[in-house]
1. Considering only region B:125-156, state which residues are facing another protein chain (nearest Cβ under 8 Å) and in contact with a helix residue (DSSP H, G or I) (Cβ under 8 Å, 6 or more places away or on another chain).
2. Between residues in region A:40-56 that are free of Cβ contacts under 8 Å to residues at least 12 places away in the same chain and residues that are in a helix (DSSP H, G or I) and near DNA strand D (Cβ under 10 Å from one of its atoms), which pairs lie under 6 Å by C-beta distance while being six or more apart or on different chains?
3. Condition (residue is of a type outside the set (A, V, I, L, M, F, W, C) and more than 9 Å from chain A (Cβ to nearest Cβ)) applied to region B:109-119: is it met by at least one residue?
4. Going through region A:26-56 one residue at a time, which ones are under 37 Å from the mean Cα position of the chain (by Cα), closer than 18 Å to A:LYS6 by Cα, part of a helix (DSSP H, G or I) and not charged (D, E, K, R)?
5. For residues that are of a type in the set (Gly, Ala, Ser), more than 10 Å from DNA strand C (Cβ to nearest atom) and more than 9 Å from chain A (Cβ to nearest Cβ), scanning just region B:27-63, find the one that is surrounded by the fewest Cβ atoms within 10 Å (Cβ to Cβ).
6. Counting residues that are modelled with pLDDT of 95 or more and more than 22 Å from the chain's Cα centre (by Cα), which strands (runs of 3 or more DSSP E) fully inside region B:74-193 reach at least 2?
7. Against the definition (within 12 Å of DNA strand D (Cβ to nearest atom), surrounded by 12 or more Cβ atoms within 10 Å (Cβ to Cβ) and of a type outside the set (A, V, I, L, M, F, W, C)), how does A:GLN10 come out, yes or no?
8. What residue, among those in region B:15-25 that are in contact (Cβ under 8 Å) with a residue 12 or more places away in the chain and part of a helix (DSSP H, G or I), is farthest from DNA strand D (Cβ to nearest atom)?
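The values are calculated or read from the model by the stated rules, or taken from the named source; none is laboratory data. Because the structure is predicted, anything quoted here is derived from the model rather than measured. Every residue, glycine among them, receives a Cβ derived from its backbone with ideal geometry; neighbour counts consider all protein chains shown.
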Number of protein chains: 2
Amino acid sequence: MLRKSKKERQQLLLETIEENPFVTDEQLAAKFGVSVQTIRLDRMELSIPELRERIKDVAERNLENEVKSLPLDEVIGEIIDIELDKRAISIFDVKKEHVFQRNGICRGHHLFAQANSLCVAVIDDELALTVRANVVFIQPVRAGDRVITKAIVRETNKEKNRTYIDVISTVNNEPVFKGEFEMYRTKGEGEQQ
Amino acid sequence: MLRKSKKERQQLLLETIEENPFVTDEQLAAKFGVSVQTIRLDRMELSIPELRERIKDVAERNLENEVKSLPLDEVIGEIIDIELDKRAISIFDVKKEHVFQRNGICRGHHLFAQANSLCVAVIDDELALTVRANVVFIQPVRAGDRVITKAIVRETNKEKNRTYIDVISTVNNEPVFKGEFEMYRTKGEGEQQ
DNA sequence: ACTGGTGTTAGTACCAAGTGCTAAAATGAT
DNA sequence: ATCATTTTAGCACTTGGTACTAACACCAGT
């Protein structure tokens, strides 16, 4: 086996550990056909921490992320008031993970998600699906802002299995987002898709 | 200091480790005013693995999660083709975390997010913000579906700093979502420095 | 008072996966 | 051949444990 040069080996070492941080020095030594000590010298030179530190880093990054990723399948924002089939209010605190790094402005789909999930929640039915939505982003929202979103049921058409909801989101009482949502619901004639 | 009973201590131990998996036996012993050995017996009885295993578990959970949580602040879906200021295509695999538990149908805001972030991406500008969106959810999308979304720039109005984009999402060539997005941009196309 | 059971503590040997250090080889280049 | 670089070896020590044995401490029952 043609042994690679130091430089090549160190480059590969970087890539290997990047790809799989759970690899031990011993495994690396075997992989590159060198001694464990050589791997350790390499790690020193490249300032790569030891296995346990690497794992810890991954775990710590994760623990932060877990908080971020949880809202993914829950209601976006916190519902603070609800009267089924009539109206609902939720609040959503915009954090730095919700904004564009470049300009600090909240990504539109988070505001949409808050409004949309509030519409789903306000409907007193087993099944509530969004059929159509017309939304307007009135003012940019930034990290640190607290968005208060109100959903008001405008009309329910039992024949068509539709509910129409008006949504308005504000920050400091200034409107930042508004939308009209047309929702499908089963109640009445129980028509399933 | 009244020392807690074994049961109380073990309950608290569980909660403490749940909350902060990075705590060592020594720290726990200090916290509960017992010996390290007692903590270890407790862990045995409760089948709580040692610190390193706990950290590793968190880290491994992460590696899975990374795929899930990354999209939160990146583009939703994977862009597979893009021609700046003209058109773009992304794919998004719907997983079980994207759907309502109750009926297995994808939450609308994920489809919106895919479309919206594709619109942001297709604009060749420093700043691109959604101003208005009219969207229609044509057919329910379910876990396992692969949503292919195409964004086509219809028009750019340089005076108004606006770009209008048509979006259509399909599953197995059947349309499931469509939308019209009005985007704000700082510069007209082809005016980048 | 003696015995038993539960709970707690102490101590030892051992492990993985390292760090930190010194020193000796092996290798390559001039 | 000589010198620097690179690699290897060896040893002591560290953390945060496991696994096991042995010793206490304390309270209850007969």
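1. Matches in region B:125-156: B:LEU129, B:THR130, B:ALA133, B:VAL135, B:PHE137.
2. As it stands, the answer is A:LYS56/B:ILE55, since those pairs meet every condition given.
3. Of all residues in region B:109-119, those of a type outside the set (A, V, I, L, M, F, W, C) come to B:109-110, B:114, B:116-117.
Within this subset, residues satisfying the condition of being more than 9 Å from chain A (Cβ to nearest Cβ) are none.
Scanning region B:109-119 turns up no residue that is of a type outside the set (A, V, I, L, M, F, W, C) and more than 9 Å from chain A (Cβ to nearest Cβ).
4. A:GLN27, A:LEU28, A:MET44, A:LEU46
5. Filtering region B:27-63 down to residues of a type in the set (Gly, Ala, Ser) leaves B:29-30, B:33, B:35, B:47, B:59.
Retained after the next criterion (residues that are more than 10 Å from DNA strand C (Cβ to nearest atom)): B:30, B:47, B:59.
Okay, now just the ones that are also more than 9 Å from chain A (Cβ to nearest Cβ), so B:30, B:47.
On the way: B:ALA30: 12, B:SER47: 6.
Per the criteria, the residue is B:SER47.
6. Numbers: elements: B:78-83, B:87-93, B:128-137, B:146-157, B:162-171, B:174-185.
The strands (runs of 3 or more DSSP E) meeting that bar are B:128-137, B:146-157, B:162-171, B:174-185.
7. Details: within 12 Å of DNA strand D (Cβ to nearest atom): yes; surrounded by 12 or more Cβ atoms within 10 Å (Cβ to Cβ): yes; of a type outside the set (A, V, I, L, M, F, W, C): yes.
Yes, satisfied.
8. Of region B:15-25, the ones in contact (Cβ under 8 Å) with a residue 12 or more places away in the chain are B:16-17, B:21-25.
From the residues that got through so far, the ones that are part of a helix (DSSP H, G or I) too are B:16-17, B:25.
On the way: B:THR16: 13, B:ILE17: 10, B:ASP25: 4 Å.
Among them, the one singled out is B:THR16.
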